[in-house]
Amino acid sequence: MGCDVHDVGGYLEGHPERSTLAGLRSLRTARVLAKDQVLTIEPGCYFVDFLLDRALADPELSKFFVVDRINEYRGFGGVRIEDDIIITESGTELMSLVPRTVEEIEGWMAGDNSFMANTKFLV
């Protein structure tokens, strides 16, 4: 894994260039994946007031928001589950063992780790 959080090496010669498209231009690297590389997938949902306010003021974006629901989560921060994976010859191998559904998380917090029996390590 990296020497530092988000240690991805940036944009290297001979690899895809940084995208200019919204949603992709903030990526920290673009690489062609190869066997034995290890990376982290970090899906998350964050409630950042500045970004929410800007999106809600934009008619093209605001139509995708349910304002009352968004406002319930203002001040919450956000959540993400990080998955560490190894690139293999035929796909990926999941290295993370964490609860994922609401039921699994609540069960784990109550001392039930049965979610581990349902975890698939090869993706």
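The values are calculated or read from the model by the stated rules, or taken from the named source; none is laboratory data. None of these values were measured; they are calculated from a predicted model. Positions of Cβ are backbone-derived with ideal geometry, glycine not excepted, and every protein chain shown enters the neighbour counts. We work out accessible area using only protein heavy atoms, side chains counted, and drop any ligands, DNA or RNA first. Shrake-Rupley method; radii C 1.70, N 1.55, O 1.52, S 1.80 Å.
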Exercise. Counting only residues that are over 22 Å from Thr88 (Cα atoms) and surrounded by 10 or more Cβ atoms within 10 Å (Cβ to Cβ), which one in region 1-11 is modelled with the lowest pLDDT?
Worked result: Gly10
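Quick grid of which residues meet (1) in a helix (DSSP H, G or I); (2) surrounded by 10 or more Cβ atoms within 10 Å (Cβ to Cβ); (3) among the basic types (Lys, Arg); (4) under 18 Å from the mean Cα position of the chain (by Cα):
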{"site": "Phe50", "(1), (2), (3), (4)": "yes, no, no, no"}
{"site": "Arg54", "(1), (2), (3), (4)": "yes, yes, yes, no"}
{"site": "Glu60", "(1), (2), (3), (4)": "yes, no, no, no"}
{"site": "Phe64", "(1), (2), (3), (4)": "no, no, no, no"}
{"site": "Glu72", "(1), (2), (3), (4)": "yes, yes, no, no"}
{"site": "Val79", "(1), (2), (3), (4)": "no, yes, no, yes"}
Seminar exercise, completed: When region 15-39 is checked residue by residue, the ones that are open to solvent by less than 70 Å² (accessible area, probe 1.4 Å) and in contact (Cβ under 8 Å) with a residue 24 or more places away in the chain are Ala34, Gln37, Val38, Leu39
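Against the definition (loosely packed, with under 10 Cβ neighbours inside 10 Å, in contact (Cβ under 8 Å) with a residue 40 or more places away in the chain and not aliphatic (A, V, I, L, M)), how does Glu42 come out, yes or no? Talk me through it step by step, then tell me what you get.
Values: loosely packed, with under 10 Cβ neighbours inside 10 Å: no; in contact (Cβ under 8 Å) with a residue 40 or more places away in the chain: yes; not aliphatic (A, V, I, L, M): yes.
For Glu42, the condition - loosely packed, with under 10 Cβ neighbours inside 10 Å, in contact (Cβ under 8 Å) with a residue 40 or more places away in the chain and not aliphatic (A, V, I, L, M) - is not met.
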For this session: Might you check whether a residue that is in contact (Cβ under 8 Å) with a residue 24 or more places away in the chain, assigned to a helix (DSSP H, G or I) and open to solvent by 50 Å² or more (accessible area, probe 1.4 Å) occurs anywhere in region 82-102?
Result: no
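Looking for whichever is in contact with a helix residue (DSSP H, G or I) (Cβ under 8 Å, 6 or more places away or on another chain) and among the polar types (S, T, N, Q) here; the options are Ser90, Ser96, Ser19, Ser62. Which one fits?
After applying the criteria, what remains is Ser62.
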